[in-house]
1. Quick one: dipole size for region 9-289, taken about the Cα centre, charges +1 on Lys/Arg Cβ and -1 on Asp/Glu Cβ, in debye to the nearest 20.
2. Counting Lys and Arg as +1 and Asp and Glu as -1, each charge on the Cβ, what is the dipole of region 204-279 about the Cα centre in debye, to the nearest 20?
3. Among HIS72, SER218, THR248, whose Cα lies farthest out toward the positive end of the dipole of region 9-289, if unit charges sit on the beta carbon of Lys, Arg (+1) and Asp, Glu (-1)?
4. Filter the cross-link list LYS109/LYS256; LYS109/LYS182; LYS157/LYS256 down to pairs whose alpha-carbon distance in this structure exceeds 21 Å.
5. Is region 5-82 best put as rounded, prolate or oblate by its Cα gyration tensor, with a ≥ b ≥ c the root eigenvalues, rounded for a/c under 1.5, and otherwise prolate when a/b is larger than b/c, oblate when not?
6. Looking at the chain, identify the longest residue range that excludes and avoids all GluC sites (Glu not before Pro) in DSSP loops having at most 12 other Cβ atoms within 10 Å.
7. Quick one: dipole size for region 131-227, taken about the Cα centre, charges +1 on Lys/Arg Cβ and -1 on Asp/Glu Cβ, in debye to the nearest 20.
8. Which trypsin sites (Lys or Arg not before Pro) from region 232-290 combine a DSSP loop assignment with at most 11 other Cβ atoms within 10 Å?
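Derivation of every value follows stated rules applied to the coordinates shown; laboratory data play no part. The model shown is predicted, which means the values in this text are computed figures rather than measured ones. Cβ placement follows ideal geometry from the backbone for every residue including glycine, while neighbour counts extend to all protein chains displayed.
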Amino acid sequence: MSAEPSCFRRVAAIHDISGFGRCSLTVIIPTLSAMGVQVCPVPTAVLSTHTGGLGEVVMRDLTDYILPTLSHYKALDLSFDAIYTGFLGSETQIGHCLEFFQAFPGSLKVVDPVMGDHGKAYRTCGQGIQDRMAELVSAADIITPNLTEACILLKLKYDFSSVTHSHAKSMLARLSEMGPSKVIITGVQLATGEMANIGYDREAGAYWYVPCDYVPVSYPGTGDIYASVLVGSLLTGDSLSMAMGRATSFVEIAIKTTFSYGTDPHYGVMLESALPWLTHKEIVKNFNIL
Ligand code: PXL
């Protein structure tokens, strides 16, 4: 049997799977698949729903699944174009992600340091996880924190309602100094009044921002969808700014579609109706120099 041609991309996705509420692996797998990228899920936990307000969650921890799975993949001599990590339930799981990174040094290492939102750390994310997440970030090539998570990583107090261009650039540069050569911060209210996703490519020496329309509702899972489109775009040839443009447009379409139906925000975005957009490969140029 021959290996698959190298133009076909493969990602190991180390995240939880939440059955209802459209976040983590339930949105990551379809998003990357629609972009032509194979996802090999490495579930860290199985939950009945996300933890964002749907009552008593049923959860089964899968920490002891991660390293034996890594051994199996090594025995099979598999390779991955990217290792992509997200919501992690414990410091031990973060250590296992570091082992995955070490086992596949040639893979793109993408860390979505899921720790909180709206200025607050998630209930499940104590100081131990926050410290260990900083270690995982140091080993990453690309990170995609939201503004809350960026503040946690930089040990900044989340007290600014808007961010000047120079402050935005300094946060991106300081996060990059921790290790990753590409840094995105999502959901930043710029001092110009625009809501934007901002990014820095250290190798290109370039700072970018992609404005997004404000919608007065927040949905779980949009960070997972954003990072998945970003990974899919980068793996299929986009530059960082193009990938940011594609990811922002797609999340915006999914959010606006969902908002137009007025559904319960806890149910997440109506990803299924937005997915066909991802199969178009049109050029994106909705990015600006920061
Ligand atoms: O989308 C991030 C996420 C992932 N996994 C679980 C979550 C959340 C956000 O709330 O609860 C279980």
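1. Working: 19 positive and 26 negative charges, 64 e Å.
For region 9-289, the charge dipole is close to 300 debye.
2. Details: 2 positive and 6 negative charges, 25 e Å.
The calculated dipole for region 204-279 is roughly 120 debye.
3. THR248
4. Numbers: LYS109/LYS256 31 Å; LYS109/LYS182 11 Å; LYS157/LYS256 31 Å.
In this structure, LYS109/LYS256; LYS157/LYS256 exceed 21 Å between Cα atoms.
5. Details: a/c = 4.58, a/b = 1.50, b/c = 3.06.
Oblate.
6. Working: sites that count: GLU56, GLU203, GLU282.
With GluC sites (Glu not before Pro) excluded where exposed in loops, the chain gives 57-202 as its longest stretch.
7. On the way: 7 positive and 11 negative charges, 46 e Å.
Computed about the Cα centre, the dipole is about 220 debye.
8. Working: sites: ARG246, LYS256, LYS281, LYS285; in loops: LYS281, LYS285.
Qualifying residues, ordered by number: LYS285.
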